[in-house]
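The values are calculated or read from the model by the stated rules, or taken from the named source; none is laboratory data. This structure is a prediction, so every number in the text was calculated from the model and none was measured. Virtual Cβ from ideal backbone geometry, glycine too; neighbours counted across all protein chains shown. Each accessible area value is taken on the protein alone, full model and side chains, heavy atoms only, with ligands, DNA and RNA left out. Shrake-Rupley method; radii C 1.70, N 1.55, O 1.52, S 1.80 Å.
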Amino acid sequence: MTTTVTPPDAPPPGAPVKESKRPRLPKAARAGGQLHGGPIAYAILIVFTIVSLFPLVWTAIAASRDNQRLAQTPPPFWFGSGLFDKLEIAWKDANLGEAFFNTTIVAGTSALTIVFLSTIAGFAFAKLRFRGRGALMLIVIGTMMVPPQLSVIPLYMMVAKLDWTDQLQAVIFPSLVSAFGVFFMRQYLIQALPDEIIEAARVDGASSWRVVWHVVFPAARPAMAVLGMLTFVQTWNDFMWPFLVLTQMGNPTVQVAVAGLGRGYTPDQSLIMAGALLGTLPLLLVFAIFGKQIVGGIMQGAVKG
């Protein structure tokens, strides 16, 4: 004979069972919608937007004025009538047409090469097992701690010995690899690429290169887009090394060409601002076209991780 022990707080037999109360979710969350911020959140976003746009707007305002007006107090806070004239003069004086073409080649080549090599190296460090993997990764991270100014003199000596001065390959070759890109792709692939997918591909008879092409690249596409965008912007804005190995009259990049506008005893500040504005517009155009895909790639990678 078995006896059952009834807890003291249990309901009597035959009594209706009460359902436990669940916490009420917000209406937007229950309906599968989006949560909306309040007026304080919108005010903060508006302030940050204004602060972010002010340098670009001020550059356009300064480009539309002359040196005498820019030196006055208070400075101008609205556009003048000479913006388009200054843009035309800066375009011709700095030879920005050729500079845009050269910079597009340099930045595009560097971005594509860094994304390709960093994805392969990041996959190797993240998913492959080989002797010395941890030590090699520490060496890669350690190179990020070395100031780039320390490598300027030996790198310039190599470029001069190869007779690459005032040629685009002098800017392209030193920027074909990136320690940050390898580390970035490794951290992403550790979370975004499950080991089971790689094992399934190898069971199906896929070679290592086929795994990289058909498994790793599709999984790493969001991070590749972000790394490519960051690399393109960084290479486009790079000034120190191109200024050392290129000249304005030879094969200038945008930053070298704009720096040439500041020559003379009294540089025309509005002309320099006009050149800087022209050099910024392509980046704004690229982000306006691909920004939505890049932000979506970041969010997609966050969900996968």
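Things to note:
- Stokes-Einstein D in µm²/s, Kirkwood radius over Cα pairs - the range 42-302 at 4 °C with 1.567 mPa s viscosity: 61
- Whole-number percent relative contact order across the range 42-302, with pairs defined as alpha carbons under 8 Å at least 6 apart: 33
- At a probe radius of 1.4 angstrom, the accessible area of the range 42-302 per residue rounds to 59 square angstrom.
- Sequence-distant aspartates and glutamates (8 or more away, or on other chains) whose Cα lies within less than 18 Å of LYS161: none
- In the range 155-305, the inverse of the mean reciprocal separation of distinct Cα atoms equals 18.6 Å; this is its Kirkwood hydrodynamic radius.
- Rounded to the nearest 20, the Cβ-based charge dipole of the range 42-302 about its Cα centre (Lys and Arg +1, Asp and Glu -1) stands at 620 debye.
- Per-q log10 I(q)/I(0), the range 174-262, q = 0.18 Å⁻¹ (Debye; single scatterer per alpha-carbon; no solvent): -0.83
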